[in-house]
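Accompanying notes for the structure given below.
The values are calculated or read from the model by the stated rules, or taken from the named source; none is laboratory data. What you see is a predicted model; the values in this text were computed from it and never measured. A quick note on method: Cβ atoms are made from the backbone with ideal geometry, for glycine too, and the neighbour counts reach across all protein chains shown.
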Amino acid sequence: MGYYVIAHDGNRYGPADIATLQQWVREGRIAPNTTLEDEFSGTQIRASLLPELSHLFAAMPPPAADAVRQPPPTPRSAGTPSGEATAALVFGILGLICCPVFGIASLILGKQEMNRIEQGLSAVEGRGLAQAGYILGIVSLVIWILGSLFWIVAFSAAWQDAIRSQPPPAP
């Protein structure tokens, strides 16, 4: 079971297991009033009320009034890019080459994966792929919209020329 640490500035760190949270308490990175959020249920609890941590706060001397707390470190993953990041890039390329529907999928997948990376739920190595897919999705949609407008104007002009070039009806 893991918990996210909600920092004073609202940033979420984790999820971290109990052993990591205990280490952060010992390092002074988690205070008794720090908010923790269960990674599965989303339930929030103060750190001092979590049974696995409460005994550590009792044994700690109170911090100095001017002490600056460091937030827990941002998790660094040594993993490979996720499938969603790769799919965002592939769909972005396909959106440019053949079908704008792939551009929409690329835009959505890329944004979702970038959000997961920011939350620490996906490997940071996929950030470049997700961003590229997101950008290619935007580009493919812009090209599709501009191309559609061009064809609408072109067909409208051709239709007007065809109407003007017809002889007037006979009396």
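Numbers at a glance
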{"read-out": "Pick from the stretch 120-171, criterion of a type in the set (D, E, K, R) and surrounded by 14 or more Cβ atoms within 10 Å (Cβ to Cβ), ranking: modelled with the highest pLDDT", "value": "Arg127"}
{"read-out": "Residue among Pro81, Pro63, Pro32 that alone is in contact with a Gly (Cβ under 7 Å, 6 or more places away or on another chain), of a type outside the set (Phe, Trp, Tyr) and at pLDDT 80 or above", "value": "Pro81"}
{"read-out": "Per-region count, the stretch 25-43, residues more than 23 Å from Arg116 (Cα to Cα), of a type outside the set (Val, Ile, Thr) and touching a strand residue (DSSP E or B) at 6+ places or on another chain (Cβ under 9 Å)", "value": "3"}
{"read-out": "Residues satisfying the stated conditions in the stretch 89-132, i.e. outside any helix (DSSP H, G or I) and over 19 Å from Trp144 (Cα atoms)", "value": "Gln119, Gly120, Leu121, Ser122, Ala123"}
